[in-house]
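Quick notes on the structure that follows.
The values are calculated or read from the model by the stated rules, or taken from the named source; none is laboratory data. Bear in mind the structure is a predicted one, so any value in this text is a computation, not a measurement. When we count neighbours, we look across all protein chains shown, and the Cβ atoms used for this are built from the backbone with ideal geometry, even at glycine. These accessible areas exclude ligands, DNA and RNA; they are computed on the full protein's heavy atoms, side chains included. Shrake-Rupley method; radii C 1.70, N 1.55, O 1.52, S 1.80 Å.
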Amino acid sequence: MSEKNNRKILTEAMLRALCLPRGACVPVPPGTALTPLAREYIAAHGLAITECPSANAEGMEKPEHMTHLNASALVPKTHPRIHLRGKLDSLEALLLQMQALALERGRGETAGALGEVHDLAQRVLAAEVKGEPLGPFTLLGLDSAALRAASHDPMGCAGLDAHPAPHVGMERLCLALNFLRTQVRETELAAAQAFCLPDGTVERPDLLEALNRMSSAVYLVFMREIRP
């Protein structure tokens, strides 16, 4: 096969799929040909193309302020998807702490429920990094629709007359669960910033839905801890 036929081609579609911010660096194999639309996209978005003999970004020396978005692109550490990964990492750590607290209080059922949320958080992070679909999930024995419905029904799910308002007199585990709920919400907002585009489209609705339902699940656990 001729050298010309061996040349790799970088297209506009490939660049769009990377969801790169302005100023990102895209490592490419030496001799990579750029399509006219790819050149227009690069100019419009202020991207930098860098030749890398390894045909991807692996092993390429990178500036301290940049990191790998995937095997094909370096991005600033301020990239929304990198921020989301950090939030998910922090959320997983907090969930483990909460499980330990629940076990210390003899609340094995609560610890088990939080373990389910932790496992889903790990799946969300893996799906985001690998660019793979999340797939179906359940939490607390409920699917997505049932979780949403239950979180709006304090009487049905926890025997409460109304949605509880957190207050300082609550047991410490309940206050910690309420804080955990806020952290899941913040992670969901980070996902929205990463995947909700200016034109109104959403790139990873599966991940946003999972994070929303994780928040619902933690709220259910919170309500069940304070039920009469």
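I'd like to check one number: the per residue accessible area of the chain, probe 1.4 Å, reported in Å² as a whole number. Intermediate values should be presented prior to the final figure.
Working: 12160 Å² over 228 residues.
For the chain, the per-residue accessible area is 53 Å².
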Taking every DSSP beta bridge with both residues inside the chain, roughly what % is antiparallel (nearest 5)?
55 percent
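Tell me, what % of the accessible area of the chain is carbon and sulfur with a 1.4 angstrom probe?
55 percent
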Can you grab the distance from the C-alpha centre of region 119-135 to the C-alpha centre of region 142-211, Å, no decimals?
18 Å
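Counting pairs of alpha carbon atoms under 8 Å apart in space and at least six apart in sequence, what relative contact order in percent does the chain give? Working shown, then result.
Values: 282 pairs, mean separation 38.1, N = 228.
Rounded, it is 17 percent for the chain.
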The helix 205-226 Cα axis meets the longest alpha-carbon principal axis of the chain at an angle in degrees, between 0 and 90 and rounded to 10, of 20 degrees
Just from the alpha-carbon atoms, what are the Rg and Dmax of the chain in angstroms?
22.1, 77
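Eight or more residues apart or on different chains, and alpha-carbon atoms under 19 Å: count the Lys pairs in the chain matching that. Mind showing how you got there, number by number?
Values: 62/77; 77/87; 77/130; 87/130.
Here the count comes out as 4.
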With the dipole of the chain defined by +1 on each Lys or Arg Cβ and -1 on each Asp or Glu Cβ, the option from 70, 184, 45 whose Cα lies farthest towards the positive pole is 45
